[in-house]
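What follows is a single structure, written as structure tokens, with notes after it.
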Amino acid sequence: MISVLACLTGTRHPDTWHSTNPAEQAEARAVCQACPARVACRTRILAAEAGLPALDRAGIHAGLDPEERAALDPTIPTAPVRQLKGCGTEAAQRRHQRKGETCDRCHVGTKAVAA
């Protein structure tokens, strides 16, 4: 159990950790950096937010903003999933070949069997 939280025992308003004001965010980060429970707080918030994208996270926790916490989450893919457009067309087949991609719909990446 976390016994001493600087965010709860200080004189700052609790909304400081959920502010969109850059000065208040910097203030919240500074408080978190000096907090003796920062590592335990980070562990707790990462577990609570596991799998959530940055847009579904809020506030400064353990000195980290939502994007920084999402980047530390091993359950979130690091690269966005790219949707292939125009599959099944000759142009798409050429694009797949040029990029070395395999596409079942365009039959790219498989060798034709000679009849």
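The values are calculated or read from the model by the stated rules, or taken from the named source; none is laboratory data. All values reported here derive from a predicted model rather than from experimental measurement. As a convention, Cβ positions derive from the backbone with ideal geometry for all residues, glycine included, and neighbour counts pool all protein chains shown.
When segment 43-71 is filtered for residues that are touching a residue at least 24 places away in the same chain (Cβ under 8 Å) and of a type in the set (Lys, Arg), the ones remaining, listed by number, are Arg44, Arg69.
Take Arg69 and tell me if it is at pLDDT 80 or above and surrounded by 10 or more Cβ atoms within 10 Å (Cβ to Cβ). It is true that Arg69 is at pLDDT 80 or above and surrounded by 10 or more Cβ atoms within 10 Å (Cβ to Cβ).
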